1. With the Cα gyration tensor of the chain giving a ≥ b ≥ c as the square roots of its eigenvalues, does the rule (a/c under 1.5 for rounded; else a/b larger than b/c for prolate; else oblate) give rounded, prolate or oblate?
2. Place a +1 charge on the Cβ of each Lys and Arg in the chain and a -1 charge on the Cβ of each Asp and Glu, then give the dipole magnitude about the Cα centre in debye, rounded to the nearest 20.
3. Charges at C-beta only: +1 for Lys and Arg, -1 for Asp and Glu. How large is the resulting dipole of segment 1-70 about its Cα centre, in Debye rounded to 20?
4. Rank 68, 21, 99 by how far each Cα sits towards the positive end of the charge dipole of the chain (+1 on Lys, Arg Cβ; -1 on Asp, Glu Cβ) and give me just the farthest.
5. Obtain the nm distance between the two label points defined at residue 78 and residue 10 by a simple spin-label model: each point lies 7 Å from its Cα along the Cα-to-C-beta direction.
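Rule-based calculations on the coordinates, nothing more; no lab input. Predicted model, so just to flag it, every value in this text is computed and none were measured. Methodologically, a virtual Cβ is constructed for each residue, glycine included, from the backbone with ideal geometry; neighbour enumeration extends over all protein chains shown.
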Amino acid sequence: MRTWQLLDGDIQLSDGQVAWIDGRDELAQSVRIRMGTRLGEYFFAPEMGLDHEKVLGKQVSEEGIREAIMLCLAEEPRIQSVDDMELEWDGVTRQLIVQLTLTGTDGEEVTLRYADSSGIETQDL
């Protein structure tokens, strides 16, 4: 799939033209968008997104975080498998850092990092 390259929700330009991405970069961007969208927030696809209450709420457990992430990723049809998920959870500050390694249906491996406390910070590794 080919789509616009986004940075913090803004379309990126390259030499005055819209920058496009595809392949593993596009899949990583799609996962970042899904993880950064609260479940039910997107009017046209209310099933898309991450259940932030299970991730950053009061009764958070590592098992609940993993389940919420897997449910979020299950909605992306281009993910063949989630190969690795590393969690760093700080219950005091309610900050979560997730490192994911995914395999797309095209066989390409994608690794990305997702951090959330109340804002979102993602990067491809």
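1. Values: a/c = 1.75, a/b = 1.51, b/c = 1.16.
Verdict is prolate for the chain.
2. On the way: 11 positive and 26 negative charges, 65 e Å.
In debye, rounded to 20, the chain gives about 320.
3. On the way: 8 positive and 13 negative charges, 19 e Å.
Computed charge dipole of segment 1-70: roughly 100 debye.
4. Of 68, 21, 99, it is 68.
5. Rounded to a tenth, the inter-label distance reads 2.4 nm.
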